[in-house]
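Structure first, commentary second.
The values are calculated or read from the model by the stated rules, or taken from the named source; none is laboratory data. The structure presented is a predicted model; accordingly, all values stated were derived computationally and were not measured. Methodologically, a virtual Cβ is constructed for each residue, glycine included, from the backbone with ideal geometry; neighbour enumeration extends over all protein chains shown.
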Amino acid sequence: MDNPFIGRTYAQSLADIAARFSTRDALVFRDRRYSFADLKAEADRVSARLAGLGLGRGDKIAILMPNRPEFLFTWLGAAQMGMTAVMINTRLRPDEIAYQLAQSEADAICIPGAGAFRDFVEEIAQLAPALRDGQAGAVGSETLPRLRWVIVADPPPEGYSGLVDWSGPAPCGLPLPPMEDDLDRPGIIAYSSGTTALPKGAMIGHHVWRKGWDIGIRVDFDERDCLYMAIPLFGSMATMNGVLPFWTRGGKVVLGEQFDPGACLAAIEREKVTAMHLLPPTVAQLAEHPDLHRRDTSSLRIGFVLSIAPDVLDKVADVLGVPGVMRSVSRCSFVKPVVARKAPPIPKSRMKCPSTSLPSARCRVTGTVGRCVRSVHWIGTTTAPSGGSNPDGSWRTNREASKSISTT
C-alpha cells in the first residue's frame, strides 16, 4: 500500500485519522481514554485558544511539560495552524531553558501549574519578572524579549498575574483559525543535547506524518498495535518516532508519566501492548521485577532497543521474550531506527543489522579514514532526498556560530 500521508499536512493528517479511526482508542493516560476523534477535537481546541491570544502562523510556542496529554495536544494544535512547537527538556537548568527560549524566539510557553515535580512557574518568573505583577500577553524581559504568553495547564499559584490559565475548559464559540498548507513549514523545533557545542534546534516540517507511516512498514504495524511509552515526550524518539508510527496506522499509545516496571508490566497485560522503548536500565528493571512472570506479556512483539550491547539484546530476546527489535544508530545528533523484523536466533548475529532501509532514504557508511566502505539506504538525515524525514536545517545555527566565534 502506498503511503497515504505523502503530501499531507498536520491538519490533513489529523483529519484523516480522526475520520478513519474515529472511535478507536488513540491515547490512554492514567484512567482516561482519548479516541482519534477526541485527539483531533483537543488539537482543534488548542488551535482556537492560541488564535484567541493573537498567535498564529510563524509564531512559536515552547512546551516545557512532563509526560501528559496536554503536551501532545499543544504540539498538534500549534503545528496544524502553522505555529512551531519548541520542545524543551524538562531536566534542563533554568539558564539552559532561557537559552533555548531566547534562541528559538518563542512567543509563548506552556508549562504545568501547581503540583509539578519542579516549580516551573517561579523559574519562568525569574526569567520574565513581569509574570508576577504584569499583564498576560506582555511578560517579555531583557532575557526573553519575544515572550508574550505563559500558559499554565493546571490551576495557577497565587501571585502571578501574568499567567494564562488553561486548566479549565476552553471558552465556547472560539473560531478555528486557518490551517497550515505548507509542508515545509516547521511544525517542531527539537534541540540537540549540546554535548559538543551549543544545542542546535532542528526544524522538522509536516513530513513527519509520512515518516511515521514509513517506520511501520518493516514491522507491519496496524490498528491492532499498541505502544507503551514512558520516555520523555520532549525527545524525537517519543513524538516523531514514537506516537506517529502508531497513530498513522490507527494504533494506540499508552502514555506513562515516568518509567515504573510494575506499572509497565500491568499496562502490557491490560492494554495488550505490542511495542515499547527499551533502554538498558529499563531492560534490567523489567528482567529483575517479580511481576515479569506473573503478568501476561505475550502481546509484546517489538522492542525499540536503544542499545547494541550483546547482554542487553540477549535479555530483550531471552528474558523479556520480545521477538522483534528496532535498533537505533546515531548520525550527528539525530537518532533514527534501523528495523529488524525478528531477533535472529544466533546471539552474535544480533549485533548485525539484517534489515533493509525505509523508503526514500539513503546514506554512506565510511571507514575511519573517510573511505566509503559500503553504500546503503538509510532513513533520512541530511543526505535524504527532499520531502523525506530529514530535518529542514537548524534554527539560527549560522547566526549562533558567528556570535560564538566573534566572542572567543
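So which residues in the range 13-47 are surrounded by fewer than 18 Cβ atoms within 10 Å (Cβ to Cβ) and either touching a residue at least 24 places away in the same chain (Cβ under 8 Å) or among the charged types (D, E, K, R) (or both)?
A15, D16, R20, R24, F29, R30, D31, R32, R33
Hey, among G113, G77, which residue is under 27 Å from the mean Cα position of the chain (by Cα) and part of a loop (DSSP other than H, G, I, E, B)?
Working: G77 fails: part of a loop (DSSP other than H, G, I, E, B).
From the options G113, G77, the qualifying one is G113.
Only one of A125, A85, A136 is modelled with pLDDT of 95 or more and part of a helix (DSSP H, G or I). Can you tell me which?
None of the other options fit; the residue is A125.
Against the conditions (1) assigned to a loop (DSSP other than H, G, I, E, B); (2) at pLDDT 90 or above; (3) under 30 Å from G194 (Cβ atoms); (4) β-branched (V, I, T), where does T297 fall short? Just the number, please.
With (1) assigned to a loop (DSSP other than H, G, I, E, B); (2) at pLDDT 90 or above; (3) under 30 Å from G194 (Cβ atoms); (4) β-branched (V, I, T) applied to T297, the lone miss is (3).
Of these, R249, R294, which one is of a type in the set (K, R) and farther than 21 Å from M1 by Cα? Write out each step before concluding.
Values: R249 fails: farther than 21 Å from M1 by Cα.
One residue alone meets the criteria, R294.
Tell me which of these S141 doesn't satisfy, since it passes every other one: (1) over 12 Å from L101 (Cβ atoms); (2) of a type in the set (G, A, S); (3) part of a loop (DSSP other than H, G, I, E, B).
(1)
Which of the residues belonging to the range 138-183 are aliphatic (A, V, I, L, M) and surrounded by fewer than 16 Cβ atoms within 10 Å (Cβ to Cβ)?
Those that are aliphatic (A, V, I, L, M) and surrounded by fewer than 16 Cβ atoms within 10 Å (Cβ to Cβ): A138, A170, L174, L176.
Here are some conditions: (1) part of a loop (DSSP other than H, G, I, E, B); (2) modelled with pLDDT of 95 or more. G173 meets all but one. Which one does it not meet?
(2)
Identify, by number, the condition in (1) farther than 15 Å from M81 by Cβ; (2) of a type outside the set (A, V, I, L, M); (3) more than 18 Å from the chain's Cα centre (by Cα) that R45 doesn't meet.
The one condition R45 does not meet is (1).
Looking only at the range 17-35, which residues are charged (D, E, K, R), more than 17 Å from D222 (Cβ to Cβ) and part of a strand (DSSP E or B)?
Selection gives R32, R33.
Looking at the range 95-110, which of its residues are within 24 Å of A230 (Cα to Cα), part of a helix (DSSP H, G or I) and out of contact with any Gly (no Cβ under 9 Å at 6 or more places or on another chain)?
I97 - this is the single residue of the range 95-110 that is within 24 Å of A230 (Cα to Cα), part of a helix (DSSP H, G or I) and out of contact with any Gly (no Cβ under 9 Å at 6 or more places or on another chain).
Take the range 57-85 and flag every residue that is at negative phi and of a type in the set (G, A, S).
A62, G77, A78, A79, A85, listed by residue number.
Any residue in the range 278-297 that is in contact with a Lys or Arg (Cβ under 8 Å, 6 or more places away or on another chain) and either under 17 Å from V254 (Cβ atoms) or without any contact (Cβ under 8 Å) to a residue 24 or more places away in the chain (or both)?
Within the range 278-297, the first condition is being in contact with a Lys or Arg (Cβ under 8 Å, 6 or more places away or on another chain), and the residues that meet it are 283-284, 287.
Next, from what is left, pick out any that are either under 17 Å from V254 (Cβ atoms) or without any contact (Cβ under 8 Å) to a residue 24 or more places away in the chain (or both): none.
Among the residues of the range 278-297, not one is in contact with a Lys or Arg (Cβ under 8 Å, 6 or more places away or on another chain) and either under 17 Å from V254 (Cβ atoms) or without any contact (Cβ under 8 Å) to a residue 24 or more places away in the chain (or both), which makes the answer no.
Quick check on the range 177-229: of everything there that is in contact with a helix residue (DSSP H, G or I) (Cβ under 8 Å, 6 or more places away or on another chain) and hydroxyl-bearing (S, T, Y), which residue is farthest from P4 (Cα to Cα)?
Y191
For the range 30-71, which residues satisfy the criterion of being in contact with a Lys or Arg (Cβ under 7 Å, 6 or more places away or on another chain) and not hydroxyl-bearing (S, T, Y)?
Passing the criteria: only F36.
Residues checked against (1) modelled with pLDDT under 95; (2) buried (at least 22 other Cβ atoms within 10 Å of the Cβ); (3) farther than 24 Å from I61 by Cβ:
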| site | (1), (2), (3) |
| --- | --- |
| K211 | yes, yes, no |
| I217 | yes, no, yes |
| R224 | no, no, yes |
| G262 | no, no, yes |
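Looking at the range 97-125, I want the residues that are farther than 19 Å from R57 by Cα and have a partner that is assigned to a helix (DSSP H, G or I) with Cβ atoms under 6 Å, at least 6 apart or on another chain. Which pairs are those?
A98/L127; I111/F120; P112/F120; E123/P94; A125/L131; A125/R132
So that you can scan it fast, the table gives a plain yes or no per residue for (1) over 16 Å from L55 (Cβ atoms); (2) at pLDDT 95 or above; (3) aromatic (F, W, Y):
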residue: P94; (1), (2), (3): yes, yes, no
residue: R132; (1), (2), (3): yes, yes, no
residue: I151; (1), (2), (3): no, yes, no
residue: P156; (1), (2), (3): yes, no, no
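Among the residues that make up the range 110-126, is at least one of them of a type in the set (G, A, S), crowded, with 24+ Cβ neighbours inside 10 Å and within 22 Å of L174 (Cβ to Cβ)?
No, the conditions are met nowhere in the range 110-126.
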